[in-house]
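Engineer: Take this structure first; my questions come after.
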Amino acid sequence: MVAYNVQVAVDAKHHLIVAHEVINQGHDRSALASMALAARKAMGKRKLQAIADRGYYSGEQIKACEDTGVAAILPKPNTSGARAQGRFDRSDFIYIQKDDEYQCPAGQRALYRFTREEAGLQMRRYWSSACKQCPIKSQCTPSDYRRISRWEHEDVVERAQQRLDQMPDAMMVRRRTVEHVFGTLKHWMGYTHFLTKRLPNVSTEMSLNVLAYNLKRVLSILGFNKTMTAIQSMGK
Ligand code: SF4
């Protein structure tokens, strides 16, 4: 089945679409950095905060954002089964940066052991020698030791989490900024398929919709006369 996935970055102040792209990947996980960078460039900013939903979560993408001056804010999907099974979650382990160790819920320290590659990422592995004698081990792990993995660039995703913690309404801001835009575009397009076929044509069709959306939006912000003056001055 052919499917198109429309990516848009919307400026939270004026609700203008500052970047868009049509991709034919069925997920958003690899789209964050390129969209955020395109938005930063279009807005002429050196730095930018980009809010996204959890579908965009990828440590590598968050790092790529940070490397290009974009501070990503997005929630981490909860993929750990530990909490659901009544055991301590990864977030119950506190990283002690100065020692490069984790403090576990029993107050023990999980020490760095070795680094190995997992799915192309360098993952550092930690565990405590105290696990076997731990009185709360049943709440922690069915294995001999509770092993903790830490990506070599985990500090990047920790900073993203800190930004999210400092902005509790981030997801509300995201919703009210982008959902209205998607709703309007879908309404215009009749909640149906694209009129064209193949990615280059669909991209053009989407660009025309975005152009119309932004033009209407600018007209309502500036009014007709100022919009015309701004358009005429662009050619000079
Ligand atoms: S099992 Fe190990 S990591 Fe888990 S709480 Fe006990 S000592 Fe800490």
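The values are calculated or read from the model by the stated rules, or taken from the named source; none is laboratory data. The structure displayed is predicted, hence computed values, not measured ones. Ideal geometry is used to build each Cβ from the backbone, glycine not excepted, and the neighbour counts take in all protein chains shown. Just so you know, the surface numbers come from the protein's heavy atoms only, side chains and all, with ligands and any DNA or RNA stripped out. Shrake-Rupley method; radii C 1.70, N 1.55, O 1.52, S 1.80 Å.
Engineer: Please name all residue pairs, on different chains or six or more residues apart, with Cβ atoms under 7 Å, provided the first residue is in segment 133-154 and is touching a residue at least 40 places away in the same chain (Cβ under 8 Å) and at negative phi and the second residue is open to solvent by 20 Å² or more (accessible area, probe 1.4 Å) and part of a strand (DSSP E or B).
Structural biologist: Note: pairs meeting the criteria are Arg146/Trp127; Ile148/Trp127; Arg150/Met123; Arg150/Arg124; Trp151/Leu121; Trp151/Met123.
Engineer: Let me ask something additional. Here's a check for you: in segment 88-106, which residue that is under 11 Å from Trp127 (Cα atoms) and free of Cβ contacts under 8 Å to residues at least 40 places away in the same chain is most open to solvent (accessible area, probe 1.4 Å)?
Structural biologist: Looking at the filtered set, the residue picked out is Gln103.
Engineer: For segment 185-193, does any single residue satisfy the condition of being open to solvent by less than 60 Å² (accessible area, probe 1.4 Å) and at positive phi? Walk me through it before giving the result.
Structural biologist: Initial filter on segment 185-193 (open to solvent by less than 60 Å² (accessible area, probe 1.4 Å)): 185, 189-190.
From the residues that got through so far, the ones that are at positive phi too are 190.
The answer is yes, given that some residue of segment 185-193 is open to solvent by less than 60 Å² (accessible area, probe 1.4 Å) and at positive phi.
Engineer: Of all residues in segment 67-87, which are on the phi < 0 side of the Ramachandran plot and open to solvent by less than 60 Å² (accessible area, probe 1.4 Å)? Spell out how you get there, then give the answer.
Structural biologist: The initial filter retains those residues of segment 67-87 that are on the phi < 0 side of the Ramachandran plot, namely 67-68, 70-85, 87.
Hits for segment 67-87 are Thr68, Val70, Ala71, Ala72, Ile73, Leu74, Pro75, Pro77, Ser80, Gly81, Ala82, Arg87.
Engineer: Return the pair list, or none, for Cβ contacts closer than 6 Å from residues in segment 37-52 that are assigned by TED's automatic domain parsing to the domain that holds Asp11 to residues that are part of a loop (DSSP other than H, G, I, E, B), at least 6 apart or on different chains.
Structural biologist: Listed by first residue and then by second, the contacts come to Leu37/Thr68; Arg46/Gly69; Lys47/Gly69; Ala52/Leu74.
Engineer: A further question follows. Just the residues that are open to solvent by 30 Å² or more (accessible area, probe 1.4 Å), over 16 Å from Ile96 (Cβ atoms) and in contact (Cβ under 8 Å) with a residue 24 or more places away in the chain, please, taken from segment 110-124. Lay out the reasoning, then the answer.
Structural biologist: Going through segment 110-124, the residues open to solvent by 30 Å² or more (accessible area, probe 1.4 Å) turn out to be 111-122, 124.
Imposing the further condition that a residue be over 16 Å from Ile96 (Cβ atoms) reduces the set to 114-122.
The answer is Thr115, Glu118, Leu121, Gln122.
Engineer: Out of segment 125-170, which residues are assigned to a loop (DSSP other than H, G, I, E, B), surrounded by 11 or more Cβ atoms within 10 Å (Cβ to Cβ) and away from the ligand (no atom under 14 Å from the Cβ)?
Structural biologist: Hits for segment 125-170 are Glu152, His153, Met167.
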